[in-house]
1. Among the residues that make up segment 179-195, is at least one of them modelled with pLDDT under 95 and either among the charged types (D, E, K, R) or closer than 30 Å to G50 by Cα (or both)?
2. The conditions are (1) touching a His at 6+ places or on another chain (Cβ under 8 Å); (2) farther than 23 Å from S128 by Cα, and C73 fails exactly one of them. Which is it?
3. Can you name the number of the only condition in (1) more than 20 Å from I115 (Cβ to Cβ); (2) loosely packed, with under 15 Cβ neighbours inside 10 Å; (3) in contact (Cβ under 8 Å) with a residue 24 or more places away in the chain that T56 fails?
4. Could you tell me whether any residue of segment 69-77 is under 21 Å from H41 (Cβ atoms) and of a type in the set (S, T, Y)?
5. Which of the residues spanning segment 154-213 are of a type in the set (S, T, Y) and within 15 Å of S142 (Cβ to Cβ)?
6. Check whether at least one residue in segment 105-114 is touching a helix residue (DSSP H, G or I) at 6+ places or on another chain (Cβ under 9 Å), surrounded by 16 or more Cβ atoms within 10 Å (Cβ to Cβ) and either assigned by TED's automatic domain parsing to the domain that holds L205 or part of a helix (DSSP H, G or I) (or both), and report yes or no.
Amino acid sequence: MTEQRALIFAGGNMNPVFIEEIGPNDLVIGADRGALFLVEHGIQPHIAVGDFDSITPEELEKVRSSSGQIITCDPIHKDLTDTELAYMTAMDKQAREIIMMGVTGSRLDHTLANIQIMLRGLQHQIQSAIYDTHNYITLTGSTCVIQNRGFTYASLVPLTPEVTGITLEGFMYPLENATLRMGQSLGISNRLLEQEGTIRIESGLLLIIQSRD
């Protein structure tokens, strides 16, 4: 597996500050309107994917002329969302880590589907994250070290009915061999004490959501 990291820019809530996340060795993928966002901010995506039904023909031509590669699909007869197509593309390129931006917004169905996409990466030992202005979301099924990214809170939300053996180090409210079940709020609004914290679990899948108001 390559050491390359993949950054996906999609068409949801975007912020120009996300451009600062791009490193010199990153694989940059624009999904639908996210590709246009990159081009309009002076970034040439390595790959642009999607049905491009949210941009005009003139904007699509701008994307075509400014992208290293373009992968299109029919806007009606397709089985994958643009974000999933971008994620699958990153996996095909054997990225070691995938960070998705612009994948949250007013469509809760898309947001939930994009959160669940991270499970596919976890099954292939690929670290994934969703980054927006107010949240940084990761998923773990074992041990995860999270960095202090300037967010106020660090919350734990079960993605399976039960998550067992939860142990926290470096948090204001520690846990030792705890169990979280869907519908419980025990893991909400914790805080990091230092620049990083460690989360260990024995079974289940756990969402880690760093957030701010």
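1. Among the residues of segment 179-195, at least one is modelled with pLDDT under 95 and either among the charged types (D, E, K, R) or closer than 30 Å to G50 by Cα (or both), which makes the answer yes.
2. If we test C73 against (1) touching a His at 6+ places or on another chain (Cβ under 8 Å); (2) farther than 23 Å from S128 by Cα, just (1) comes out false.
3. All conditions pass for T56, except number (3).
4. No.
5. Result: T160, T164, T167, T198, S203.
6. Within segment 105-114, one or more residues are touching a helix residue (DSSP H, G or I) at 6+ places or on another chain (Cβ under 9 Å), surrounded by 16 or more Cβ atoms within 10 Å (Cβ to Cβ) and either assigned by TED's automatic domain parsing to the domain that holds L205 or part of a helix (DSSP H, G or I) (or both).
The values are calculated or read from the model by the stated rules, or taken from the named source; none is laboratory data. Note that the structure is predicted; figures quoted are calculated from it, not measured. Reconstructed Cβ throughout: ideal geometry from the backbone, glycine too, with neighbour counts over all protein chains shown.
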